[in-house]
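For reference, the structure is listed below as structure tokens.
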Amino acid sequence: MIEPRPTIETVAARAGVGRGTASRVVNGSSQVSPAARAAVLKAIDELGYVPNRAARNLVTRRTDCVALVISEPGERLFTEPYFAGIVRGISAALAETQLQLWLSMVQSPAERDRVNRFLTREHVDGVMMLSQHADDPLPGKVLASGLPLVLCGRPLAGPEMPFVDADNASGGRLAAQHLLDLGRRRIASIAGPQDMSAGVARLQGFREIAGDDLIEYGDFSEESGARAMAALLEREPALDAVFAASDPMAFGAMRALKAAGRRIPEDVAVIGFDGSPGGRHSDPPLTSVFQPAEEMGHEMTRLLLAQLAGDQPPETQVIVDTRLELRGSA
């Protein structure tokens, strides 16, 4: 005799919760206690419950898919730990739901147009965006379409949108103050792109403490850090410290300093920004401002799930703390 297919009512009975609670867990709502969520997920596993997605989607017009759009080339996504941390946080949060993640890297206007055509309710239920620049029209278009949207990074311009960001300005201040406390006096900065909120805020925090006479700009990549460091040494050979607004730029700066015969930290102290695992293994290990990328990805997902479930989260703008991790380079 064929066993009847488990229903949401069967799951609720096994978990000892109401049907509505079981349904909220299946649909990814944040308005469920951890204990109830664990009980429902355990019941789903024990019963082998599989939601009838096709039937439900006809009624709810849901796709059970959310998009993550990253405005960077694919090689940076897979080589820079910051991006991997964000994706890990999002994936871990989505693992507690039935939602699937659609990932897209966007560089050119043609790619942006293609992605914009895809981001409709027929294809995705909501959108998360990472590494957006001030002139990027895509966030505004998604917002105007009515799709739930969460950004990673405070938008520099345009209408207010839900976002999650690190406390970038505080991180810049922490780095500059630590270098001053070490007795360094010719402190330079390799700033990030000024069409991105992280680049603007980290430089702003640094300037509040250390001034702004020794600044070069990069694009957060290692090569740009090496070029900026070489330019700074040409401008001011006697500089004795540098704050780079990303760990990859700090690694590039360290490479350029060694090529110029400078010892780290004896001649030049170096601080990065990210707190990436690779910093523990650089030579010397990199002092860095840590930003919790996985936590940021988790928070982005939490805000998006609340919108999908029709819940009203207590906040739509989340700032996570940064901290200075001291190692050998400063």
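The values are calculated or read from the model by the stated rules, or taken from the named source; none is laboratory data. All values derive from a computational prediction rather than experimental measurement. Neighbour counts are summed over all protein chains in view; Cβ atoms, including those assigned to glycine, are modelled from backbone coordinates with ideal geometry. Keep in mind that these areas ignore ligands, DNA and RNA; they rest on the heavy atoms of the full protein, side chains included. Shrake-Rupley method; radii C 1.70, N 1.55, O 1.52, S 1.80 Å.
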inquiry  = Just to be sure before I move on: is Gly218 under 23 Å from Gly297 (Cβ atoms) and crowded, with 23+ Cβ neighbours inside 10 Å in the structure I sent?
reply    = no
task = Scan the stretch 281-288 and give yes if some residue there is closer than 30 Å to Met161 by Cβ and open to solvent by 10 Å² or more (accessible area, probe 1.4 Å), otherwise no.
result = no
remark   = Note: among Ile86, Ile70, just one is touching a residue at least 60 places away in the same chain (Cβ under 8 Å), within 24 Å of Arg37 (Cβ to Cβ) and not polar (S, T, N, Q), namely Ile86
remark   = Residue hits (the stretch 113-127; among the acidic types (Asp, Glu), open to solvent by less than 100 Å² (accessible area, probe 1.4 Å) and part of a loop (DSSP other than H, G, I, E, B)) are Asp125
query = Has the stretch 239-246 got at least one residue that is modelled with pLDDT of 95 or more, among the hydroxyl-bearing types (Ser, Thr, Tyr) and not in a strand (DSSP E or B)?
reply = yes
query = Could you give every pair whose Cβ atoms fall below 6 Å, whose first residue belongs to the stretch 164-193 and is under 15 Å from Leu232 (Cβ atoms), and whose second residue is assigned to a strand (DSSP E or B) and open to solvent by 50 Å² or more (accessible area, probe 1.4 Å), counting only separations of at least 6 or pairs across chains?
reply = Ala191/Tyr217
note = Filtering the stretch 95-112 for residues that are surrounded by fewer than 14 Cβ atoms within 10 Å (Cβ to Cβ) and over 21 Å from Phe78 (Cβ atoms) leaves a count of 2
request  = For Asp267, state whether it is part of a loop (DSSP other than H, G, I, E, B) and modelled with pLDDT of 95 or more.
outcome  = yes
ask   = For the stretch 132-169, which residues satisfy the criterion of being open to solvent by less than 40 Å² (accessible area, probe 1.4 Å), part of a helix (DSSP H, G or I) and closer than 16 Å to Phe118 by Cα?
value = Leu138, Pro139, Gly140, Val142
request  = Starting from residues that are touching a strand residue (DSSP E or B) at 6+ places or on another chain (Cβ under 8 Å) and surrounded by fewer than 20 Cβ atoms within 10 Å (Cβ to Cβ), keep the ones in the stretch 186-206 and report whichever is farthest from Ala256 (Cα to Cα).
outcome  = Gln194
ask   = Regarding Ser104, is this residue under 18 Å from the mean Cα position of the chain (by Cα) and among the hydroxyl-bearing types (Ser, Thr, Tyr)?
value = yes
note = When (1) within 19 Å of Pro193 (Cβ to Cβ); (2) at pLDDT 95 or above; (3) not basic (Lys, Arg) are applied to Ser276, the one that fails is (2)
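Yes/no per residue for (1) under 24 Å from Arg14 (Cα atoms); (2) touching a strand residue (DSSP E or B) at 6+ places or on another chain (Cβ under 8 Å); (3) surrounded by fewer than 20 Cβ atoms within 10 Å (Cβ to Cβ); (4) at pLDDT below 90:
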residue	(1), (2), (3), (4)
Ala55	yes, no, yes, yes
Val59	no, no, yes, yes
Arg62	no, no, yes, yes
Pro73	no, yes, yes, yes
Phe78	no, no, yes, yes
Gly85	no, no, no, no
Ile90	no, yes, no, no
task = Just give me the residues in the stretch 240-278 being surrounded by fewer than 24 Cβ atoms within 10 Å (Cβ to Cβ) and within 24 Å of the chain's Cα centre (by Cα), in sequence order.
result = Phe251, Pro277, Gly278
